[in-house]
Amino acid sequence: MINASRETVTRAFQLLFLHKVLVREGTALRLTQPVLLKDIAEGRADPPKA
């Protein structure tokens, strides 16, 4: 639906976990930095790099 490969999505999630933007809590995901994620989505911040 968003025209992204599985590998690209996995890589993006790994970076978000690495930089503690997302954390796993059992089977759930918790967003720990919603403002940063919003800023990235709106182009005000650069996404985390590896």
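The values are calculated or read from the model by the stated rules, or taken from the named source; none is laboratory data. Given the structure is predicted, the values throughout are model-derived calculations rather than measurements. FYI the Cβ positions are ideal-geometry reconstructions off the backbone, even for glycines, and counts take in every protein chain you see. Each accessible area value is taken on the protein alone, full model and side chains, heavy atoms only, with ligands, DNA and RNA left out. Shrake-Rupley method; radii C 1.70, N 1.55, O 1.52, S 1.80 Å.
Restricting to the range 36-45, count the residues that are closer than 14 Å to residue 15 by Cβ and either open to solvent by 70 Å² or more (accessible area, probe 1.4 Å) or touching a residue at least 12 places away in the same chain (Cβ under 8 Å) (or both). Walk me through it before giving the result.
We begin by selecting, within the range 36-45, every residue closer than 14 Å to residue 15 by Cβ; these are 36-37, 40, 45.
Narrowing the set further to residues that are either open to solvent by 70 Å² or more (accessible area, probe 1.4 Å) or touching a residue at least 12 places away in the same chain (Cβ under 8 Å) (or both) leaves 36-37.
Count: 2.
Restricting to the range 25-50, name every residue that is among the basic types (Lys, Arg) and either modelled with pLDDT of 95 or more or assigned to a helix (DSSP H, G or I) (or both).
Narrowing the range 25-50 to residues among the basic types (Lys, Arg): 30, 38, 44, 49.
Of everything in the range 25-50, those that are among the basic types (Lys, Arg) and either modelled with pLDDT of 95 or more or assigned to a helix (DSSP H, G or I) (or both) turn out to be 30, 38, 44.
Name the residue that is most open to solvent (accessible area, probe 1.4 Å), counting only residues in the range 16-35 that are of a type outside the set (D, E, K, R) and in contact (Cβ under 8 Å) with a residue 12 or more places away in the chain. Reasoning before the result, please.
Applying the first criterion (of a type outside the set (D, E, K, R)) to the range 16-35 yields 16-19, 21-23, 26-29, 31-35.
Cutting the leftovers down to in contact (Cβ under 8 Å) with a residue 12 or more places away in the chain gives us 16, 18-19, 21, 32-33.
Working: 16: 31, 18: 112, 19: 75, 21: 1, 32: 50, 33: 66 Å².
Among those that are of a type outside the set (D, E, K, R) and in contact (Cβ under 8 Å) with a residue 12 or more places away in the chain, it is 18.
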